[in-house]
Amino acid sequence: MADTNTPSTVPPPATNGTFPAEDAAGQTVAAIAEADKISADEIALYDRQIRLWGVQAQEKIRTANILLVSIKALANEIAKNLVLAGIGSITLADHEVVTEEDLGAQFFVSEAHVGKNRAEAAAPQVQKLNPRVKVNVITRDVRNDPETNFYAAFDVIIATDLDFMSFTALNAGARVAQKPFYAGASHGMYGYIFADLVDHSFVIERERSNRATQTGPESTTRRVTGIQTKRENGKAIEMVTKQELFSPLMLVKDSPLPPEIGNNYRRLRKVHPLLSLIRALWEYQRNGHGVYPSTTHDDLVLFTTIASVKHKELMLPPDTLKPAHLRSFIQNLGNELAPVTAFLGGQLAQDVINVLGHREQPIQNLMLFDGEESAGPVYALHPIFPGTPLPIIQSAPVDASVTVIS
């Protein structure tokens, strides 16, 4: 089908909110608006977030062009948060149609949209959230887009609720264009966010301590590249610029845990079993077994075996992956729950906003979410770089058996 665009109309909003005539540096609102090309009514509209992350960051956000692929419940939450934050434009890409299953946790579609393209159905509701944002629609499958410069037109590429091979295809396209890439998925009470920002610099503002911050490596993937100081409310504030390297999803699938976890048996025992289960799902999909394992005996045996292998690859104690974990995970696969998608969508959108503004440390690089335990651990998974300490094999109890869930 041909692509369609939904151009935005931009009526001037009513300026009901108030904002100070001068900022902390004594600049008038008009001067700020002129310097940063943000109108006074936009400053009023986005007043609270400008106070939070500054006018310069808001300027980068308001010119950002976001690609959002696969418009399901998680994408609904991401689009909502980014559009309300005032991004420049968002392109909704989806070649699938709305089904009755989509009506449970998705708030941009209704029964009247069943059978219609998901992106086209959601676009008008997305537009209503913020008429200032341009909303575009792509109804073709962009997972292997043949256009050389397709991904280069976007500032951030986000894909949700796709299979592993679709995620890696989009990740590869984003990498060629040197653009930040996010993958996110929700599975009932569980979910995850993956980030590959290629090579990203950001600034952290913090009160200066007695111990001077030094430039140089902080880890195998992160280094401090610059330090500036300023006075604010009588305190010395340092602005630390850091550079972080990321890895693509295809490599993360088999990467080890960082040495600070891999070399500590007590910390290994605390690694969430969801990490092994997510990586097992990626392996299951990569090997062409299907999107999700079924409840047949053969499929359960296969997925249990893969999960056990992935758990051992991470050198995790065998008893920390229980049959109950496998059973619950499989039962939740493919389901959408609004509270979970709301949490994941808020986290992913906030990370995108921080990345656009080059502020705060981003997700590095896989965040999991377990809604049953209200746990959201983050694991930095990378291939072994030169100079990385190799994990030490722990003298943990060995159990080579595989328990098949029933």
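The values are calculated or read from the model by the stated rules, or taken from the named source; none is laboratory data. Nothing here was measured: the structure is a model prediction, and the numbers come from that model. Note: ideal-geometry Cβ built from the backbone for every residue, glycine included; neighbour counts use all protein chains shown. Heavy atoms of the whole protein, side chains included, go into the accessibility calculation; ligands, DNA and RNA do not. Shrake-Rupley method; radii C 1.70, N 1.55, O 1.52, S 1.80 Å.
For residues that are over 16 Å from Gln350 (Cα atoms) and assigned to a loop (DSSP other than H, G, I, E, B), scanning just the stretch 173-188, find the one that is most open to solvent (accessible area, probe 1.4 Å).
Gln178
Between a first residue in the stretch 243-266 that is touching a residue at least 40 places away in the same chain (Cβ under 8 Å) and a second residue that is among the acidic types (Asp, Glu) and open to solvent by less than 40 Å² (accessible area, probe 1.4 Å), which pairs have beta carbons less than 6 Å apart while being 6 or more apart in sequence or on different chains?
The qualifying pairs are Phe246/Asp196; Pro248/Asp196.
How many residues does the stretch 336-374 contain that are outside any helix (DSSP H, G or I) and closer than 30 Å to Leu245 by Cβ?
14
Given Gly216, Gly262, which one is open to solvent by less than 90 Å² (accessible area, probe 1.4 Å) and on the phi > 0 side of the Ramachandran plot?
Gly216 is the lone residue from the list that is open to solvent by less than 90 Å² (accessible area, probe 1.4 Å) and on the phi > 0 side of the Ramachandran plot.
Which residues, taken from the stretch 296-350, are under 14 Å from Leu275 (Cβ atoms), open to solvent by 60 Å² or more (accessible area, probe 1.4 Å) and of a type in the set (Val, Ile, Thr)?
Within the stretch 296-350, just Val309 meets the criteria.
Pull up the stretch 273-295, narrow it to residues that are buried (at least 19 other Cβ atoms within 10 Å of the Cβ) and part of a loop (DSSP other than H, G, I, E, B), then point me to the one that is modelled with the highest pLDDT.
Here the residue is Pro273.
If you scan the stretch 310-335, which residues turn out to be in a helix (DSSP H, G or I), under 19 Å from Ile261 (Cα atoms) and within 27 Å of the chain's Cα centre (by Cα)?
Those that are in a helix (DSSP H, G or I), under 19 Å from Ile261 (Cα atoms) and within 27 Å of the chain's Cα centre (by Cα): Lys310, His311, Lys312, Glu313, Thr320.
Looking only at the stretch 189-213, which residues are open to solvent by less than 30 Å² (accessible area, probe 1.4 Å), of a type in the set (A, V, I, L, M, F, W, C) and part of a strand (DSSP E or B)?
Ile193, Phe194, Ala195, Phe202, Ile204 - these are the residues of the stretch 189-213 that are open to solvent by less than 30 Å² (accessible area, probe 1.4 Å), of a type in the set (A, V, I, L, M, F, W, C) and part of a strand (DSSP E or B).
Provide a single number: the residues in the stretch 77-110 that are surrounded by fewer than 17 Cβ atoms within 10 Å (Cβ to Cβ), within 18 Å of Asp161 (Cα to Cα) and among the hydrophobic types (A, V, I, L, M, F, W, C).
Adding up the residues that qualify gives 3.
For the subset of the stretch 84-105 comprising residues that are part of a loop (DSSP other than H, G, I, E, B) and modelled with pLDDT of 90 or more, which member is farthest from Met189 (Cα to Cα)?
Within the stretch 84-105, the match that is farthest from Met189 (Cα to Cα) is Gly88.
To keep it simple, each residue is scored yes or no on (1) modelled with pLDDT under 65; (2) hydrophobic (A, V, I, L, M, F, W, C); (3) within 19 Å of Val133 (Cβ to Cβ); (4) open to solvent by 40 Å² or more (accessible area, probe 1.4 Å).
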{"position": "Thr6", "(1), (2), (3), (4)": "yes, no, yes, yes"}
{"position": "Pro12", "(1), (2), (3), (4)": "yes, no, yes, yes"}
{"position": "Glu22", "(1), (2), (3), (4)": "yes, no, no, yes"}
{"position": "Gln27", "(1), (2), (3), (4)": "yes, no, no, yes"}
{"position": "Ile71", "(1), (2), (3), (4)": "no, yes, yes, no"}
{"position": "Ala75", "(1), (2), (3), (4)": "no, yes, yes, no"}
{"position": "Ala112", "(1), (2), (3), (4)": "no, yes, no, yes"}
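Considering each residue of the stretch 84-102, count those that are in contact with a Leu (Cβ under 7 Å, 6 or more places away or on another chain) and over 16 Å from Lys60 (Cβ atoms), and give that number.
The qualifying residues number 4.
Among the residues of the stretch 102-124, write down those that are among the acidic types (Asp, Glu) and in contact (Cβ under 8 Å) with a residue 40 or more places away in the chain.
Glu120 - this is the single residue of the stretch 102-124 that is among the acidic types (Asp, Glu) and in contact (Cβ under 8 Å) with a residue 40 or more places away in the chain.
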